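Scroll down for the structure; my scribbles are underneath it.
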Amino acid sequence: MEIPNFSGRARVSETMDGDQPPTDLMYAEYRFLRRLNTFGRTADYLLDEILRRIPPGGDEVLQIMDFGSGGGDIPRHLMELADDRSMRLEAVASDVSGIAITYAAERAVGRYRVVQADVRAAEQAVPQGSCDVAHASLVLHHLSDQDVVVALRSMAGVARRLVVWNDLIRDSISVVGAWASTIVARRAIRQDAIASVRRSFTIAEARTAAEAAGLREIEVRRIMAGRFLLSGIPGPAPARRPTVRFHGLEAGYGPIRVLQGLSFVARAGELVEVRGPNGGGKSTLLNCVAGAMRPDKGKVWTDPTLGRIGFHPQEGGVILELDTAANVAMFGRMAGLRGQVLEAAVRSALDAWGLTSSAALQVSRLSIGLRRRVALAASLVHRPLLVVLDEPDAGLDAAGRTTLAQELKLILLNGGTVLMATHTPDWVSRASPSPTVLELAG
């Protein structure tokens, strides 16, 4: 999906993210971050977390790769702490910026290695499993939501034992802290510090991104300087990974609130049946998840690796003036299908839904039941792994409900997720023997 996954994050397009920021400004930024990291005891927290999760043993050499190192102060401080504790430690400072690499190399003095690397493609700079610990500090908030998950997966690929991420917490306290800590700094640095907080993460969002990246045994806590520290063990994306998360969701129409503080997590392979009274917010919730409506408060996150959502709104969403095949093909193109792939997908959808004989008929001439079949064929033509359906069975006959159950069962078996509202749930067990019920109070 090409929509923001964390609705509270600001756009990534601020001062320090430019392609070629002035060198003197970057150096001033690194000096400021060095002072901030010293004040916030970032390296101390990092080493304590590593030793807590990876107990030292004998003469073992602990290898740490630090992404987004900037001026390299965290690797340097780690080496000093290791000396104080009589530890054997090797550190690598990496950054995508050539300016940062030059600055860090000038101050390395043999204490750590310096490598130019993009955290989103770490394996291009260092071999898979080449370090014990991959650490990212204040770098992932510069990325889009989708790239945050990509970066964490990339870090998990080069780390054998642990991934650690520390970044800013997005809340009003941190904004005030960013302003106060830069009150004597250059204006551009102050602006960037405040913008960085606004495009950063809540603790819940950080955990969600780590879960989507396949990290296991995730632990996250708040530390000094308005930051969180998250650690997790590298691993493949779990079969039951979170695919949809909404937190503190509020939405309504004028003074009428139909959703108030709603939080929920849906996982891969799960069918979620949304229940509630008429006017209780079922359609509003499904519209928010599908991106057709923005909540007044709260956040909706969907796993970007699942691709485009298959969305069936309450009214079906077909174009009455077009024929059946044109409707299905139009939705296929909107989902990114082209050429022979699109043609094959349309033929398959028409056949599955018993619409081949109606392919050339204008939808306005079809019965209510056949229109519903067209709408469902269009919603599912691209074989989505995340499906949002609002009363998809309304007007369907028994054969249509059987087809719907079969289609949804296949999606779930492939690791997809279905969120659905229906007034006739008797057929749902054929798609999932144990659906999850989300009850809305109304």
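Take the residues of the range 352-376 that are in contact (Cβ under 8 Å) with a residue 40 or more places away in the chain and in contact with a Leu (Cβ under 6 Å, 6 or more places away or on another chain): which is surrounded by the most Cβ atoms within 10 Å (Cβ to Cβ)?
By that ranking, first place goes to 372.
Hey, any hits in the range 273-284 for a residue that's surrounded by 21 or more Cβ atoms within 10 Å (Cβ to Cβ), aliphatic (A, V, I, L, M), modelled with pLDDT of 90 or more and under 25 Å from residue 148 (Cβ atoms)?
No.
Could you list, in sequence order, the residues of the range 39-85 that are touching a residue at least 40 places away in the same chain (Cβ under 8 Å), surrounded by fewer than 23 Cβ atoms within 10 Å (Cβ to Cβ) and of a type in the set (A, V, I, L, M)?
If the condition is that a residue be touching a residue at least 40 places away in the same chain (Cβ under 8 Å), surrounded by fewer than 23 Cβ atoms within 10 Å (Cβ to Cβ) and of a type in the set (A, V, I, L, M), then 50, 54, 62 are the ones that fit.
Checking the condition buried (at least 22 other Cβ atoms within 10 Å of the Cβ), farther than 30 Å from residue 171 by Cβ and within 23 Å of the chain's Cα centre (by Cα), which residue from 122, 104, 117 passes?
After ruling out the rest, the residue left standing is 117.
Can you find even one residue in the range 406-417 that is crowded, with 19+ Cβ neighbours inside 10 Å, acidic (Asp, Glu) and not in a loop (DSSP other than H, G, I, E, B)?
Let us first name the residues in the range 406-417 that are crowded, with 19+ Cβ neighbours inside 10 Å, namely 407-408, 411-412, 416-417.
Next cut, acidic (Asp, Glu) only: 407.
Applying the additional criterion that residues be not in a loop (DSSP other than H, G, I, E, B) yields 407.
Yes, the range 406-417 contains at least one residue that is crowded, with 19+ Cβ neighbours inside 10 Å, acidic (Asp, Glu) and not in a loop (DSSP other than H, G, I, E, B).
Among the candidates 381, 387, 328, which residue alone is of a type in the set (A, V, I, L, M), farther than 25 Å from residue 282 by Cβ and surrounded by 17 or more Cβ atoms within 10 Å (Cβ to Cβ)?
On the way: 381 fails: farther than 25 Å from residue 282 by Cβ; 387 fails: farther than 25 Å from residue 282 by Cβ.
Exactly one residue qualifies, and that residue is 328.
Cβ-Cβ below 7 Å, separation at least six or inter-chain, first residue in the range 152-164 and in the same structural domain as residue 92 (by TED's automatic domain parsing), second surrounded by fewer than 24 Cβ atoms within 10 Å (Cβ to Cβ) and of a type in the set (Ser, Thr, Tyr): which pairs?
As it stands, the answer is 158/130, since those pairs meet every condition given.
Of all helices (runs of 4 or more DSSP H) completely enclosed by the range 155-221, which ones contain at least 1 residues that are within 26 Å of residue 47 (Cα to Cα), modelled with pLDDT of 65 or more and of a type in the set (A, V, I, L, M, F, W, C)?
Hits in the range 155-221: 203-212.
Tell me the residue from 258, 244, 274 that is assigned to a strand (DSSP E or B), over 30 Å from residue 410 (Cβ atoms) and in contact (Cβ under 8 Å) with a residue 40 or more places away in the chain, please.
258
Answer yes or no: is there a residue in the range 87-98 that is surrounded by 21 or more Cβ atoms within 10 Å (Cβ to Cβ), within 30 Å of the chain's Cα centre (by Cα) and more than 27 Å from residue 144 (Cβ to Cβ).
If we filter the range 87-98 for residues that are surrounded by 21 or more Cβ atoms within 10 Å (Cβ to Cβ), which is where we start, we get 89, 91-95.
Now drop any that are not within 30 Å of the chain's Cα centre (by Cα), which leaves 91-95.
Filter once more, keeping what is more than 27 Å from residue 144 (Cβ to Cβ): 91.
Yes - at least one qualifying residue is present in the range 87-98.
Anything in the range 291-348 that is in a loop (DSSP other than H, G, I, E, B) and more than 27 Å from residue 422 (Cβ to Cβ)? List them, or say none. Outline the logic, then answer.
Taking the range 291-348 as the starting set, the residues that turn out to be in a loop (DSSP other than H, G, I, E, B) are 291-296, 303, 307-309, 313-322, 335-338.
If the condition is that a residue be in a loop (DSSP other than H, G, I, E, B) and more than 27 Å from residue 422 (Cβ to Cβ), then 321, 336, 337, 338 are the ones that fit.
Against the definition (assigned by TED's automatic domain parsing to the domain that holds residue 272, touching a Gly at 6+ places or on another chain (Cβ under 8 Å) and more than 22 Å from residue 277 (Cβ to Cβ)), how does residue 433 come out, yes or no?
It is false that residue 433 is assigned by TED's automatic domain parsing to the domain that holds residue 272, touching a Gly at 6+ places or on another chain (Cβ under 8 Å) and more than 22 Å from residue 277 (Cβ to Cβ).
In the list 86, 69, which residue meets the criterion of being closer than 22 Å to residue 118 by Cβ, hydroxyl-bearing (Ser, Thr, Tyr) and either in contact with a Cys (Cβ under 6 Å, 6 or more places away or on another chain) or assigned by TED's automatic domain parsing to the domain that holds residue 107 (or both)?
Testing whether each residue is closer than 22 Å to residue 118 by Cβ, hydroxyl-bearing (Ser, Thr, Tyr) and either in contact with a Cys (Cβ under 6 Å, 6 or more places away or on another chain) or assigned by TED's automatic domain parsing to the domain that holds residue 107 (or both) leaves just 69.
Since residue 375 meets every condition but one in (1) of a type in the set (A, V, I, L, M); (2) touching a helix residue (DSSP H, G or I) at 6+ places or on another chain (Cβ under 6 Å); (3) at pLDDT 95 or above; (4) over 27 Å from residue 241 (Cα atoms), which condition does it not meet?
Against the list (1) of a type in the set (A, V, I, L, M); (2) touching a helix residue (DSSP H, G or I) at 6+ places or on another chain (Cβ under 6 Å); (3) at pLDDT 95 or above; (4) over 27 Å from residue 241 (Cα atoms), residue 375 comes up short only on (2).
Can you go through 389, 412 and tell me which one is modelled with pLDDT of 95 or more and in the same structural domain as residue 311 (by TED's automatic domain parsing)?
From the options 389, 412, the qualifying one is 389.
Filter the range 213-261 down to the residues that are over 17 Å from residue 148 (Cα atoms), touching a Phe, Trp or Tyr at 6+ places or on another chain (Cβ under 9 Å) and basic (Lys, Arg) and list them by number.
221, 222
The values are calculated or read from the model by the stated rules, or taken from the named source; none is laboratory data. From a predicted model like this one, the values you see are computed outputs, not experimental measurements. Here Cβ is always computed from backbone atoms with ideal geometry, including for glycine, and neighbour counts include all displayed protein chains.
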